[in-house]
1. Is it the case that residue 283 is at pLDDT below 80 and aromatic (Phe, Trp, Tyr)?
2. Can you tell me which condition residue 125 does not meet? The list is (1) touching a strand residue (DSSP E or B) at 6+ places or on another chain (Cβ under 9 Å); (2) under 30 Å from residue 138 (Cβ atoms), and all the others hold.
3. Please indicate, with yes or no, whether at least one residue in segment 56-70 is in the same structural domain as residue 163 (by TED's automatic domain parsing) and modelled with pLDDT under 75.
4. Which of (1) free of Cβ contacts under 8 Å to residues at least 40 places away in the same chain; (2) surrounded by fewer than 12 Cβ atoms within 10 Å (Cβ to Cβ) is the odd one out, the single condition residue 416 does not satisfy?
5. Within segment 344-368, can you find the residues that are touching a helix residue (DSSP H, G or I) at 6+ places or on another chain (Cβ under 8 Å) and part of a helix (DSSP H, G or I)?
6. Restricting to segment 345-355, and then to whatever is without any contact (Cβ under 8 Å) to a residue 60 or more places away in the chain and surrounded by fewer than 13 Cβ atoms within 10 Å (Cβ to Cβ), can you tell me which residue is farthest from the chain's Cα centre (by Cα)?
7. Looking only at segment 372-388, count how many residues are under 19 Å from residue 424 (Cβ atoms) and in contact (Cβ under 8 Å) with a residue 60 or more places away in the chain.
8. Could you list, in sequence order, all residues of segment 57-90 that are closer than 24 Å to residue 334 by Cβ and either surrounded by 14 or more Cβ atoms within 10 Å (Cβ to Cβ) or in contact (Cβ under 8 Å) with a residue 60 or more places away in the chain (or both)?
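The values are calculated or read from the model by the stated rules, or taken from the named source; none is laboratory data. As the structure is a prediction and not an experimental result, all values here were calculated from the model. FYI the Cβ positions are ideal-geometry reconstructions off the backbone, even for glycines, and counts take in every protein chain you see.
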Amino acid sequence: MSENASLRELVDLKELQAIQDSFAKTVGTSSVIFSPEGELLTQFSNPTGFCSLIQSTEEGKRRCFLSFMEMCQKALELEEPVIYYCFVLGGHFVAPIIIDGAHKGTMFAGQFILQTFSAEQLKALEKIAVEINVDPTLLVEEAKKMRVVEEDRVWKYSSLLFQIVAVITRLGAQADELNRAKDALQKAHKGRKIRVQERTAELARANEELKQEIIERKKAEDALRESEEKVRSITASAHDAIIMVDAEETISFWNEAAERIFGYTAEEMIGTKLHGTIIPERFCEAAVTGFKSFRETGQGAAVGKTLELAANRKDGTELPVELSLSAVKIKGKWNAIGLIRDISERKEAEGAIKESEERFRTIFDRAVDGIFLVDLDTRRFHMANNAICHMLGYTVEELTNMGPADIIPKEDLPRIMKEIERVIGEEILEGTSIPMQRKDGSVIHTNINGALIEFGGKKYLLGIIRDITELKKKTEALKRFNKLAVGRELRMIELKKEINGLLEDLDKEPRYKIAGE
């Protein structure tokens, strides 16, 4: 989902509108957010009469749209904030919203001028008014009312705008991470199900807490405009570590979460270098080299991305962290802002899931009985263990490109398919006899237990089979022997009856006396 998800799917647009309205109210500057395709994701906040008049006609709206798209494309190619001017000479700041390396939207803040329109500019506006079907006199009157903002204040607005976009980016990345976590947890082994659910719930709570935190930050933006110290007081309440490093590679900001995660206080870290403290020694050389390039251009391999790294605590232990690095230019020099999250629990959960999967795979592959899963959508084998492959003479690759219909003799197929339909109807097969045809054409007799299971949102037929070919041969031989034995016994009974009859006849014959009796 992370590659294709839109900003609308990752962030609550109502909250974006609230953030945007708060920004407009704070600095007195109109703002709006567009999707990369030009769709309005939020409504214009605090629009000027000048801009409202221009957008009152279809041609005016069209020209505005083209102008915004052109400014957005330019902003994606630049490395630092720049003031852009739309087709009616209004000033705008443009801030692309980049999440996990993908352009998800663009925030425009502007509808101001650095100085009042000149006579030549007003003449040009009269011509534009005719082109977009607006009364030239009204447009000129509204142009004279346009906000004139001093250049120093404009650049302060720019810094605040980019901080807001950084927060939106972080919120989207959080939502994207939550979606990925949910997808991964669905595949977990049953034995870890409760733990996975707890982790999912924890991520959901963290996401809700983050959203609430963002809302609270927006309420304080009127104070952020005047004081960097107030900005720091808000970021201090973040759950993730927020660290700022200036152009001299010196730590200039260290929030409370950083104290909690790494064990160093702000007093210990501000004014020092990261090297030799939280950066492990094996990463120091690469960090120094990367920062030299960043200091010159504001770019680097880690900027705008989310990376998994390792970091040191004060007590010498190492922990896995997730780093999101962004750049901001202050007084003409590039500063790095790092958002760092302790992902120890997530890594532990991932390790447990992997261990569980490995145990399942070991049991699955070493089982004496054949075990398979049939995908009920494709009616093909989804998984097959070594035992069933040995029984049938196929490799795993061959078998997973086949289905039950390919290994059942044709004369038995109708009966077996009925048995499969019983399982799909959520019945259970217990000790069902099924003949199967091996790769060499010979037929073996099997005993199968089957049931319907579901995971990952799909249904599968689970089958456990045992080769009973030899047992069947012995059973049939025993039946033949018993039949012969019964026949012999019957013949002996008949013979005995015949002998008894002869003896009875002899007793009935007259007996002769012997001489001398």
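1. Spelling it out, residue 283 is indeed at pLDDT below 80 and aromatic (Phe, Trp, Tyr).
2. Answer for residue 125: the failing condition is (1).
3. Among the residues of segment 56-70, not one is in the same structural domain as residue 163 (by TED's automatic domain parsing) and modelled with pLDDT under 75, which makes the answer no.
4. Just one mismatch for residue 416, condition (2).
5. 345, 346, 349, 350, 352, 353, 356, 365, 366
6. By that ranking, first place goes to 355.
7. Total meeting the criteria: 7.
8. Residues satisfying the conditions are 71, 72, 75, 79, 80, 81, 83, 84.
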